[in-house]
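Structure record follows, encoded as structure tokens.
The values are calculated or read from the model by the stated rules, or taken from the named source; none is laboratory data. As the structure is a computational prediction, the values presented were derived from the model and not from experiment. Please note: Cβ atoms are built from the backbone with ideal geometry, for glycine as well, and neighbour counts cover all protein chains shown.
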Amino acid sequence: MIALRVRQDAPPVEPIVAVRRSAPTHGGPMRRLTMEKVMAQTLAADEVLRGPHVLEYPYRRSLGPVLGRFFGGLQEHRLLGIRMRSGKVLVPPQEYDPQTGEALEEFVDVGPGGEIVSWSWVSKPRPKQPLDRPFAFALIRLDGADTTLLHAVDAGEESKLSVGARVTPRWAEEPGGGILDIACFELEG
Amino acid sequence: MSDLPNALKSIVTPVRLEYDHSAGAAATGFLRGLTQKKILGARTGPGEPVLVPPRGADPRTSELAAELVEVSDKGTVVTYSIVRVPSDNIPFELPYVCATVLLDGANLGFFHVLQNCALDEVRIGMRVQAHWAPDDQLTENVSSIRYFEPIDEPDVPFEQIEEYA
Amino acid sequence: MANLCGVVGIGQTKYDAKRIDVSMPGLVREAALRALEDADLTFADIDAVVIGKAPDMFEGVMLPENYLADAVGATGKPLLRVHTAGSVGGSTANVAISLITSGIHDRVLTLSWEKQSESNAMWGLTVSPPFSVAVVAGAGGFFAPLIRSYIQRSGAPEDTGIRIALKDRLNALKNPYAHLRIEDIDFDKIASSPMLWDPIRYLESCPSSDGACAMVLAREDLAAKAPTPAAWVHGTSMRSEPTQFPGRDSVNPVAGQLAARDLYRQAGIENPRQEIDCAEIYVPFSWFEAMWMENLGFAPENEGWKMVYEGATALDGDFPVNMSGGVLSSNAIGASGMIRYAEAAMQVRSQAGEHQVEGARKALGHAYGGGSQYFSMCLFGKEKP
């Protein structure tokens, strides 16, 4: 299909079929690593080299006029929603009405308390998660809001959680800009 | 609402993804070869183009390239650039030469850096050879070839390598 | 082509290094609303949205098309994302056009964008997997050796790239949307700018830009009613090939040649240099104009640089190229291909203002991506095909 230009005068070379595994970290007997073996998927999993590949970047997100206010509000311990054309209140606020696509601009104070709509218990938190002890990721409907906000709830143990449980934000000691300016939510009372 | 909070312009949202990367079977053979100062390619059969590094299949036809072939660690510069742009990802001191080297016995150019060569002497057609890491530092990594460097052999006329340039 | 398709609306943002005044949704919305305004339509008139951008890693948002659905009026409509590396702005439009020509939809909004200020594309293009060594950083490091090959093969004078850059940078001064508008640009300023990846100088390279571009497409009878006459699609084409294979010509890739041939066949073009009036092509590093003139069949092999020397590709030449100032002047990567299409369509709609080519009736839009391995193109006409 594609016109090819292949060099015809490449020097002759002898194929080899065995590759010695001689590197200290991969000791052990010599193995035959022919491509036939490879393609027949008979290469044992431990024969294929593996290594960590980490992609990491500190993206800087331009917030625009709506999320800019929302995140600014968090630094003043205020929670803002925005009113849709239908009258419902979106939290977090969005720039455009998800139903009609219109630009939105009527901010509404919501919370700070709210109730759990659903949750998932995290018994073994991973390094970058908001808390270093077991916690719940919960969908929280803040008072005055018609949508839910996803955040961590520091409840100690799962048995204390229920649908409808009241929660309130615990503010970060040092606001850094971002959703973790709410350190997490905690059960009221 | 009249008393809106101050707006933030931007926030930093770090992303970190941790993959467990598999080199795959074809590259595994190539990388193990480097630990013995061998550069391995693959081809679909005798007389067929030699792919370096091996790709498992010939990219033109998807035909299995199952036959491993050792190629020379000497080759010819088919094109190059002198890099003067700093980047955190790059382990070489500026300025340096990057070059596509057609290894003897191979039918694909091999991209690496060229050192021990004055910047104004680098040219298409010049003969070069791999400079290997010391034996106790040979690993399953392309950096086992530290760089290529010029050797005392006559230049290859451009007509002979034009199809790779 | 079963049904005809016309471009009835075109919208662009101002391209800039940092559009921190808007969010990503706000950026794409700006282009979308301008395209709708040009077409005298609203989101309600649109049946489907096709959007494109370069790798997610450039902004770190996975599935950004979903996140942007409400900003581009896609709620309750088909929403499709296309991704073909740097050529994506072109291929996105091609996919959108196919939704019209196939008869599936009546009006389609297509848009593409990049917001490079949220990240660093040089980083995004230089993540090396384990067991390897990053030899060069960024696109320039990859493309510089190809340019060196071209110089060797063609015998082109070393200042060809400077002349191309000067021409594009002068054109950008006529384009209010262009990112780089260097008022005191001249040959010496480009020649004395720092060498980055020899033979590519700083002022022969594209910038990093934020920006979005959008087009509204319509089927024949609706396009005929557009307030500004439509740009009619005479053909679209895409081809790709692997980055490396034995015998690959990476300076003059076969995939690009095949795409051009297919495009001209569809459009009934026998002599592209004579029958096409101007071209807006993807040139991120100046020398690529000369290389693509050959790849696209406007010049014989190894003679593309002569068109630059003869002044043929200048705005007042007999075959103007990159009238907008090109990718050299605005490079919102994911949008760059669509910006080429938009400029070509604007030319045949006589909408290009100070960078209008007098009497342009047929204009080519072109994009490429990856390691010169993805190609997309479209031919626009003032008249129906």
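Things to note:
- Test: residue B:100 is in contact (Cβ under 8 Å) with a residue 24 or more places away in the chain, within 30 Å of residue A:57 (Cβ to Cβ) and part of a loop (DSSP other than H, G, I, E, B): no
- Test: residue in segment B:115-128 that is part of a loop (DSSP other than H, G, I, E, B), under 29 Å from residue C:255 (Cα atoms) and of a type in the set (Lys, Arg): yes
- Against the numbered list (1) under 17 Å from residue C:219 (Cβ atoms); (2) within 14 Å of another protein chain (Cβ to nearest Cβ); (3) within 20 Å of the chain's Cα centre (by Cα), residue C:46 comes up short only at (3).
- Residue C:276 meets all of the listed conditions (1) surrounded by fewer than 21 Cβ atoms within 10 Å (Cβ to Cβ); (2) under 26 Å from residue C:329 (Cα atoms); (3) of a type in the set (A, V, I, L, M, F, W, C) but one, namely (1).
- Listed conditions (1) more than 20 Å from the chain's Cα centre (by Cα); (2) under 30 Å from residue B:88 (Cβ atoms) are all met by residue A:83, apart from (2).
- Search result, residues across segment C:314-345 that are of a type in the set (S, T, N, Q) and in a loop (DSSP other than H, G, I, E, B): C:322, C:324, C:330, C:331
- Among (1) assigned to a loop (DSSP other than H, G, I, E, B); (2) surrounded by fewer than 21 Cβ atoms within 10 Å (Cβ to Cβ); (3) within 14 Å of another protein chain (Cβ to nearest Cβ) - the single one residue C:227 does not satisfy: (3)
Matching residues to (1) outside any helix (DSSP H, G or I); (2) among the polar types (S, T, N, Q); (3) modelled with pLDDT of 95 or more:
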| site | (1), (2), (3) |
| --- | --- |
| C:182 | yes, no, yes |
| C:190 | no, no, yes |
| C:193 | yes, yes, yes |
| C:216 | yes, no, yes |
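- Scanning segment B:54-74 finds one or more residues that are touching a residue at least 60 places away in the same chain (Cβ under 8 Å) and either of a type outside the set (A, V, I, L, M, F, W, C) or facing chain A (nearest Cβ under 7 Å) (or both).
- Among the residues making up segment C:11-25, a single one is crowded, with 24+ Cβ neighbours inside 10 Å and in a helix (DSSP H, G or I): C:24.
- The lone criterion from (1) away from chain C (no Cβ under 11 Å); (2) over 30 Å from residue A:178 (Cα atoms); (3) not in a strand (DSSP E or B) left unmet by residue B:6 is number (2).
- Residue match in segment B:13-20 (condition: out of contact with any His (no Cβ under 7 Å at 6 or more places or on another chain), within 13 Å of chain C (Cβ to nearest Cβ) and farther than 30 Å from residue C:24 by Cα): yes
- Whichever residue in segment C:75-107 is within 14 Å of another protein chain (Cβ to nearest Cβ) and at pLDDT 95 or above and, among such residues, is surrounded by the fewest Cβ atoms within 10 Å (Cβ to Cβ): C:77
- Residues of segment B:73-90 satisfying the condition of being over 14 Å from the mean Cα position of the chain (by Cα) and in a loop (DSSP other than H, G, I, E, B): B:84, B:85, B:86, B:87, B:88, B:89
- Annotation note: of C:186, C:168, C:221, the sole residue that is among the charged types (D, E, K, R) and either closer than 26 Å to residue C:88 by Cβ or crowded, with 21+ Cβ neighbours inside 10 Å (or both) is C:168.
- Within segment A:142-157, being surrounded by 21 or more Cβ atoms within 10 Å (Cβ to Cβ) and out of contact with any Phe, Trp or Tyr (no Cβ under 8 Å at 6 or more places or on another chain) holds for A:142, A:145, A:149.
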